[in-house]
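**Q** Here it is: the structure, laid out below.
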Amino acid sequence: MLTSGIIGQAARGDAYLGRPLIRERILSILTKGSHALLAAPRRVGKSSTLFDLFDNPPAHTIVIYYTSESVNTENEYYEKLFNHVTERLRTLKKYTTLIKDFTSRIDELGLDGTIKLGKRKINYRTEVQSLFESIDLKGERLVVLNDEVSSTVENIREDKDKRAAVHLLQTMRELRQSPHLLQKVQFVYAGSIGIENIVSELNCTNLINDLVSVQIPFSKDEVQTLIERLLSGSSVTLSPEGLERLLSVTGVAYSILYSDPS
């Protein structure tokens with residue numbers, strides 16, 4: 001996305017070009033109790049769309065955003081998820097005691113009683129599952145926005161091996177499919193590297209077939225608004241004919257890449 005004409009930053013607040021159709025599509029998927037996958041290359045608005053959901057959460061929803069782009073082990077992936085969930089819930093008074101108990105327990109698990117041997121390795125996959133199962137949301141739901149998840153899978157495949165990458169995908173699916181978490185915790189994943197291509201190369205497409213794919217095309221109106229914002233205050237002007245030509249070319253490019261998200 002573009003923020004004040006600068007390429008590369010996720011747009012938030014007034015700098016964000018609203019994408020109501022994409023937002024409605026994601027919320028529709030979540031309302032049905034499913035999980036979503038935002039599929040698109042870089043710089044078309046995946047992170048900005050996630051930030052919009054984080055900054056403007058739907059009613060009765062606790063939204064957590066985190067990026068796992070630098071993660072290269074399965075345990076690190078779940079440790080980061082655990083930390084982001086506990087940090088977010090700690091800000092909500094009704095969950096303070098639960099989170100305090102869990103973080104204290106983690107501190108105890110990490111100690112083996114001797115200074116010499118240091119800390120034990122904590123299985124954060126188990127801790128995440130236990131934390132989610134322990135939360136009484138009282139009519140609310142927890143939505144986890146996981147950015148750059150495909151980079152995580154690719155990192156693990158390169159730094160570890162194919163089997164380790166497949167195992168992460170397996171545990172992620174198990175978490176989504178847990179009968180204790182259905183209608184309680186939902187995930188929205190986004191990634192710049194095509195996750196579908198990665199899992200196809202790993203021969204495990206079945207591990208993401210429960211995710212509903214959401215494409216991120218620009219509508220003609222959104223493209224026009226974006227162009228007008230970028231040109232605002234500059235010396236560049238477009239005639240109506242020039243603007244229509246630019247919209248036509250842009251529309252052709254996006255129609256090749258994406259289908260209608262509806």
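**Q** What is the percent carbon and sulfur in the accessible area of the range 129-188, measuring with a 1.4 Å probe over the protein chains and ignoring ligands?
**A** Its accessible area is 43 percent carbon and sulfur atoms.
**Q** Multiply the residue separation of Ile193 and Asn56 by 0.36 nm, subtract the distance between their alpha-carbon atoms, and state the gained length in nm to one decimal.
**A** 46.7 nm
**Q** Still on this structure, please answer the following. Could you look at the range 66-112 and say what percent of its accessible area is carbon and sulfur, using a 1.4 Å probe and all protein chains?
**A** The C+S portion of the solvent-accessible surface of the range 66-112 is 50 percent.
**Q** Net charge within 10 Å of Ile62 by Cβ-Cβ distance, Lys/Arg positive one each and Asp/Glu negative one each, not counting Ile62 itself?
**A** Net charge around Ile62: +1.
**Q** If I take R0 = 51 Å and measure r between the Cβ atoms of Ser28 and Ser104 in this structure, what FRET efficiency does the formula 1/(1 + (r/R0)^6) give, to the nearest 0.05?
**A** FRET efficiency, Ser28 to Ser104: 0.85.
**Q** Which percent, to the nearest 5, of DSSP beta bridges fully inside the range 58-207 are antiparallel?
**A** 5
The values are calculated or read from the model by the stated rules, or taken from the named source; none is laboratory data. Here the structure is a predicted model, which means the values were calculated and not measured. Reconstructed Cβ throughout: ideal geometry from the backbone, glycine too, with neighbour counts over all protein chains shown. Please note that ligands, DNA and RNA were not included when accessible areas were found on the heavy atoms of the full protein model with its side chains. Shrake-Rupley method; radii C 1.70, N 1.55, O 1.52, S 1.80 Å.
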